[in-house]
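Contents: one structure, followed by commentary.
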Amino acid sequence: MTRCLPSRIDQPGVRTLTYERSGNPRILAALCGSTALFLFILLGNVAFAQTDADISEEEAAATADKSVQVEFDFFDGAAPISIAQLKQMEKHFKELSGDVKDATVSVQVGSNQGTGVIVTRDGYVMTAAHVIGGADRPAIIKLPDGTELEAKTLGLNRQFDSGLLKIKAKDKYPYLSPGVSSELKTGQWVMAIGHPGGWEEDRGLVYRIGRILNNGDSAISTDCSLVGGDSGGPLVDMNGDVVGIHSRIGMRVSDNVHVPVDVFSEQWDDLSKGRDWGRGIGGVNPANEPWIGMSMEGDTLVIESVVEKGPADKAGIKKGDRVMEIDGVRLRSQRRFRTLFQRAEPKEKLKIKIKRDDKEMDIEVTVGSRKDADDPR
Amino acid sequence: MTPGNDLGNISLQTSQLNDPAMKTKNAIHSSIIKSHSVAIFCALFISFSGSSVLAIGVQEAPPTQQEDDKKKEKYEKGAEEQDKSEQDKSEQDESKKNDEVKDDKKETEEKQDAAEENTDSESPSEGRRRGRRSRSRASSRTSNGFLDAFQPVIGPTAKATVQIRRNDKTIALGAIVSADGYVLTKLSELKTPITCRLADGKDVSAYVYGVHPETDLALLKVEGDKLPVVPWATEDTLDIGNWLATVKDGIRPLGVGVVGVNARLIKPQSGFMGVNLRQTERGVEITNVTADSPAQKGGLDRGDVVIKVNGESFTEIDKLIPRVKSFPPGEEIRLTVLRDGNEIVADVVLGEERSLNPLYERSNQQNTMGGNRLSKRRQNFPSAVQHDTFLKPEDCGGPVVDVDGKVVGINIARQGRVASLMLPASLAQKVVNDLKTGQWAPAVVHKNRIDEINRTLQDLMTQVALSPMNNDDLEKKIKELNEKEKSLREKLDNTYRERLRAEWEIEQASQTFDSAKSEIERLQKEREKLVDGTK
């Protein structure tokens, strides 16, 4: 046993075990003569899924007496300080690149091209929302060997840039398991895989190494350099579990942003049901853009016109009314009204206070969607 | 959807997330005022899409973990209050906000660039002491702490790595490949006169001994007899995931990455016309001309039948296409086409396929943004390993070592945002052996090119002599070739002169050395005499 890992388990939550096997960091750091977190793992018959609390000191000493090789733990973000440690990592990178290869695919939806990763045996593929662009669209999945498979886009959350596809043909596909992104630590080593610049027959997948620079709830940043075409590709931890999906980049080569895989895990039901929601990184689905169906005079808050049978009209708002409040917030400018209104979700009920003939009155508007405006029924 | 709207949407969006990593533009605005060190960046999509816009938001560079936690705490405590106060503020000056954010961003970028330039213009000793990546965070893969792990193995290579310098700037790195002063480097970055800065900081003059355009390698010669030589790897065991450390001159690598794609042929970029063709009985017919393409600019039309390329006749599509593709972008080719029974000539300046394709255009932009400069020549190598080390064009030409400290290749190009290219050691060594023979001396290579042009000239003149028709085209071509020949001759003369001068300098230096040596000997003898005298 060289990889000192519990075997891959499919339920995300179980992965926590991997991170509980650290020893007392302070003591170990002292051993290294450094304040950095270096974790030593003893090779041999130790069950690594156990926490150190489960191994008594005597047991540990006994194992050490058998004199087994001492390894350092880069899984938790320790930086190598010796050639032996670099070699240990290198050996692992090589194995890892082999493990993750088959499940990383090219994704083509219309004129959009990106990368994706198969995450279930029956062919669910994680990618970025902006790669698929919408729900229920035909897509082509290209396996690393060039095999093309028909697929369909399922759900997407445009706020986080998460998107899901499903390969149509029933088969058993190579896949990678989702990990738990919330447990990623700053400095942790990760590998990014993708098709930068799009699919290239004589090049294939491109592998990059980097470390977690920041781990937020809605975005992970790393110094794995990414570029157009990588979108939707997997960021994997040293276990080979998917912890992020490539989404966007910043100006510097070290600014690379990934969707945390937890976003997928938590919203799996909605994504797999084909829900298209959220606004932001993945654009806006017209069905989710709030629409009220009225216009105001110039920069004022005075209603200029209302769209017949639109949300404002249905609620009883009339030309000449002055909007005073929205959900209890006093308004001083039209801009403010727009800002606040943009936050509403279609079908949400909004309380709007208007002034008509010097009388103030409360009106409840059921927010419509831009889709209704473009496509009136 | 305009980018401006997108900015608005993003800020709305992010403000709804209780996530400190993605905050509102208001927060970004204030944080920039507070601290210059906060880098913001434009988040860009990284897929190819014909429809979406490029810039989709302004985001704060990821905060450090501590900052993050602090912000999170603050955020959780008073998320609502904060939100409200920000809203109020935004109401007052929101109209200016977008512009201001943009300006600030620009300013920050400029500062970054300036900072980078400062680093570059440092004296080498300062650069070594401070380390090039001193601005990197401790937990990144460019952090000094991590790079230092390679210290035990890079010494021998660092001692044999030189900086190729011109006008007080490093234009490339090089590897000393023999103790008597042969230095391997990247050809296309060279512009004479050059000097080599050895690892001990000494500047020595150098001349180009051999050039190998196929691999873009050049062999330089410097004076020396016991110079340290790079330790070449003896076997080729590289595979995806292998660590690669790019060595400069210090005890710390310039950068570290891994093999991302195994050695492969890097195809040349081929010239592009922008036409659709089909085979007909009359020849190869143009069925479509892309708008704004080189073909359209050159006057080609749908229905034209291409019969000649630069005077060479073609009747088959399978022969014509590879011929056109064999010309590089930027080359002007003369097509002879049949239109309404008349022969018409069209001069087409070949373009890059990418320039017409919005998808590739974007990729190009992403590859070069943030000051990520690319090598002039970054395509067309017989074999190269792709790795993810962050390099600048002037970091190429030098040795790359594995974890054993053996030189496994020579960096040959910064190709894009995610890619650096390295020629494998076996190929580089083979080229060194070829170049050492002297058959690839710049003078010889230039001479061969001149001979080739002369042959073409002869051919054309024969054609002129044999043809009773209007020869304006041929005459024009001949004039062009004459000019090319003239410039090559000048280059050749320059190279000769440089070489002669270098040899003269060496001669002078050795004379000075000899006279100093004899002076010392004379003094020693005198001293011995004096000693004898006192006895």
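The values are calculated or read from the model by the stated rules, or taken from the named source; none is laboratory data. On a predicted model such as this, the values are computed, not experimentally measured, just so you know. Counting neighbours? That spans all protein chains shown, and the Cβs are built from the backbone with ideal geometry, glycine included.
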Restricted to the range A:86-108, and to residues that are buried (at least 24 other Cβ atoms within 10 Å of the Cβ) and under 13 Å from A:Ala151 (Cα atoms), which residue is nearest to the other protein chains (Cβ to nearest Cβ)? A:Val107
If you take just the strands (runs of 3 or more DSSP E) that sit entirely in the range A:182-254, which of them hold at least 2 residues that are over 17 Å from the mean Cα position of the chain (by Cα) and either facing another protein chain (nearest Cβ under 7 Å) or of a type in the set (D, E, K, R) (or both)? A:206-215
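Return the residues of the range A:144-158 that are over 28 Å from A:Glu266 (Cβ atoms) and either part of a loop (DSSP other than H, G, I, E, B) or out of contact with any Lys or Arg (no Cβ under 7 Å at 6 or more places or on another chain) (or both); say none if nothing qualifies. Talk me through it step by step, then tell me what you get.
Kept after step one, since they are over 28 Å from A:Glu266 (Cβ atoms), are these residues of the range A:144-158: A:144-148, A:150.
A:Pro144, A:Asp145, A:Gly146, A:Thr147 - these are the residues of the range A:144-158 that are over 28 Å from A:Glu266 (Cβ atoms) and either part of a loop (DSSP other than H, G, I, E, B) or out of contact with any Lys or Arg (no Cβ under 7 Å at 6 or more places or on another chain) (or both).
Please return the ranges of strands (runs of 3 or more DSSP E) entirely within the range B:251-294 where 2 or more residues are at pLDDT below 90, away from every other protein chain (no Cβ under 14 Å) and buried (at least 23 other Cβ atoms within 10 Å of the Cβ).
On the way: elements: B:255-266, B:275-279, B:284-289.
Those strands (runs of 3 or more DSSP E) do not exist here; none qualify.
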Mind listing whichever residues of the range A:192-210 are within 12 Å of B:Ile240 (Cβ to Cβ) and surrounded by 24 or more Cβ atoms within 10 Å (Cβ to Cβ)? A:Ile193, A:Val206, A:Tyr207, A:Arg208, A:Ile209
Pick from the range B:201-221 the residues that are modelled with pLDDT under 95 and hydroxyl-bearing (Ser, Thr, Tyr): which of them is nearest to B:Ser510 (Cα to Cα)? B:Ser205
Inside the range B:320-344, the number of residues satisfying the requirement of being farther than 21 Å from B:Gln379 by Cα and surrounded by 14 or more Cβ atoms within 10 Å (Cβ to Cβ) is 9
Kindly indicate whether A:Ile83 is farther than 24 Å from A:Val243 by Cβ, of a type in the set (A, V, I, L, M), surrounded by fewer than 21 Cβ atoms within 10 Å (Cβ to Cβ) and within 10 Å of another protein chain (Cβ to nearest Cβ). yes
For B:Asn448, indicate whether it is assigned to a strand (DSSP E or B), among the polar types (S, T, N, Q) and away from every other protein chain (no Cβ under 14 Å). no
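The rows are residues; the columns are (1) at pLDDT 50 or above; (2) touching a Leu at 6+ places or on another chain (Cβ under 9 Å); (3) not assigned by TED's automatic domain parsing to the domain that holds B:Asp216.
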position	(1), (2), (3)
B:Ala114	no, no, yes
B:Gly127	no, no, yes
B:Gly174	yes, yes, no
B:Thr185	yes, yes, no
B:Lys191	yes, no, no
B:Ala199	yes, no, no
Hits in the range B:162-216 - residues which are touching a Lys or Arg at 6+ places or on another chain (Cβ under 6 Å), farther than 28 Å from B:Lys447 by Cβ and of a type in the set (S, T, N, Q): B:Gln163
Take the range B:385-400 and flag every residue that is more than 22 Å from A:Gln113 (Cβ to Cβ), surrounded by 22 or more Cβ atoms within 10 Å (Cβ to Cβ) and either within 11 Å of another protein chain (Cβ to nearest Cβ) or at pLDDT below 90 (or both). B:His387, B:Thr389, B:Phe390, B:Leu391
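Go through the range B:298-319 and count every residue that is farther than 21 Å from B:Asp340 by Cβ, outside any loop (DSSP other than H, G, I, E, B) and not acidic (Asp, Glu).
Applying the first criterion (farther than 21 Å from B:Asp340 by Cβ) to the range B:298-319 yields B:310-312, B:316-319.
Cutting the leftovers down to outside any loop (DSSP other than H, G, I, E, B) gives us B:312, B:317-319.
Of the ones still in play, those that are also not acidic (Asp, Glu) are B:317, B:319.
Counting residues in the range B:298-319 that are farther than 21 Å from B:Asp340 by Cβ, outside any loop (DSSP other than H, G, I, E, B) and not acidic (Asp, Glu) gives 2.
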Check B:Gly224, B:Gly181, B:Gly210, B:Gly241 and return the single one that is within 23 Å of B:Ala413 (Cβ to Cβ), surrounded by 16 or more Cβ atoms within 10 Å (Cβ to Cβ) and away from every other protein chain (no Cβ under 14 Å). B:Gly210
Given the conditions (1) in contact with a Gly (Cβ under 8 Å, 6 or more places away or on another chain); (2) under 22 Å from B:Ala428 (Cβ atoms), every one holds for B:Ala295 apart from (2)
Would you check if A:Lys172 is part of a strand (DSSP E or B), more than 20 Å from A:Ala78 (Cβ to Cβ) and at pLDDT 95 or above? no
Regarding B:Lys430, is this residue over 12 Å from the mean Cα position of the chain (by Cα) and within 30 Å of B:Glu490 (Cβ to Cβ)? no
Candidate set: the range A:144-165, residues that are surrounded by fewer than 18 Cβ atoms within 10 Å (Cβ to Cβ) and more than 21 Å from A:Ser111 (Cβ to Cβ); chosen: the one nearest to the chain's Cα centre (by Cα): A:Pro144
